[in-house]
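One structure below.
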Amino acid sequence: MLIKLAENFRALFYAPFYATQTLGFFAREGVELQLLDSAAPGASIAGLRDGSIDVTWAGPMRVIQDHEANPASGDSLLCFCEVVTRDPFFLLARSGTQAFQLVDLNHLRLGSVSEVATPWLCLQQDLRDAGVDPDSLARVKDQSMQANLDALRDGHLDVVQVFEPYVSMALSEGFGRVVYAASERGPTAYTSLIATRDGVARNKAAFAAMIRATAAMQQWLTTHDAKDLAAAAAPFFPAVPPALFLAALQRYERAGIWARTPDISRQGFARLGQSIQSGGFVNRPGVYEDCVAVI
């Protein structure tokens, strides 16, 4: 069963996706996987619709958004097979920062993620829950994570929102400390497989095999540590120094960001929907039964 899968973008928190392939779980289920690049985060959605790819991994937020405009047609989107179940982003402050609470952002300079929408949409809901108006913050919203990290190092920002390996880079250089892990909020449906409704019908047997392969990988994770996962995913990150790569995956392992079953968490889906609605990304939070494929 040949399946063309587009990765959303290359990121360390997707390590279990890569491990499922390198450890042979897809092959054991009879899936011949052709892994393709995506031009930009979210760009693979067009490929689902024009038939150039069969499935992609991305945030279920894109499915919720699609259902507002395109709820019942054959090319409407469905999600299935959750892999990243908690938010993999962190707030990193300068080393000398004292005890921190989200409310402290009211008087600090924050650099938020600009490359993708989900991290800020989820964080702004955390801020609202903490009694902070996200629109009132002194926030740099148009710089890359690398630029924000450089600004933190140079003292031009007080707190930055980043994922790995930027956290481990800053800690290894001694100029930052983690003051908030977004994973602490609990389940937030962060990354799953996504296909069109017609694609699910057409590739149901192959997608069922991919779910079984993912479940096998998730079971493997219960008996292997971040060192083993790093060894399995390392071929996809040749430019990341091994020690940095391992430190990053250990941090994610401690944060519990990876799902233990491929079922999309109802609690996580609801939290995601609430976050993207309050942030103005959608008008409605999405209905689980409408957006999640039954395979």
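Just so it is clear, none of the values below were taken in a lab; they were calculated from the coordinates. Not measured: the values here are computed from a predicted model. Every residue, glycine as well, gets a Cβ built from its backbone with ideal geometry; the counts of neighbours run over all protein chains shown.
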For this session: Output yes when any residue across the range 258-275 is over 20 Å from GLN219 (Cα atoms), among the aliphatic types (A, V, I, L, M), in a helix (DSSP H, G or I) and out of contact with any strand residue (DSSP E or B) (no Cβ under 6 Å at 6 or more places or on another chain), and no when none is.
Result: yes
Exercise. Restricted to the range 78-104, and to residues that are β-branched (Val, Ile, Thr) and within 10 Å of the chain's Cα centre (by Cα), which residue is nearest to VAL294 (Cα to Cα)?
Worked result: VAL83
Seminar exercise, completed: Residue hits (the range 47-71; closer than 27 Å to MET1 by Cα and of a type in the set (Gly, Ala, Ser)) are GLY47, GLY51, SER52, ALA58, GLY59
Exercise. Can you find a residue in the range 110-123 that is in contact (Cβ under 8 Å) with a residue 60 or more places away in the chain, farther than 30 Å from THR20 by Cβ and not aromatic (Phe, Trp, Tyr)?
Worked result: no
Problem set entry | Flag for GLY280 being part of a loop (DSSP other than H, G, I, E, B), of a type in the set (Gly, Ala, Ser) and surrounded by 23 or more Cβ atoms within 10 Å (Cβ to Cβ) | no
Problem set entry | Which listed residue, of TYR166, TYR190, is of a type in the set (Ser, Thr, Tyr) and under 26 Å from GLY273 (Cβ atoms) | TYR190
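Yes/no per residue for (1) in contact with a Cys (Cβ under 9 Å, 6 or more places away or on another chain); (2) within 30 Å of MET210 (Cα to Cα):
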site	(1), (2)
THR85	no, yes
CYS122	no, yes
GLN125	no, no
ARG128	no, no
VAL132	no, no
LEU152	no, no
GLN161	no, no
VAL167	no, no
ARG185	yes, yes
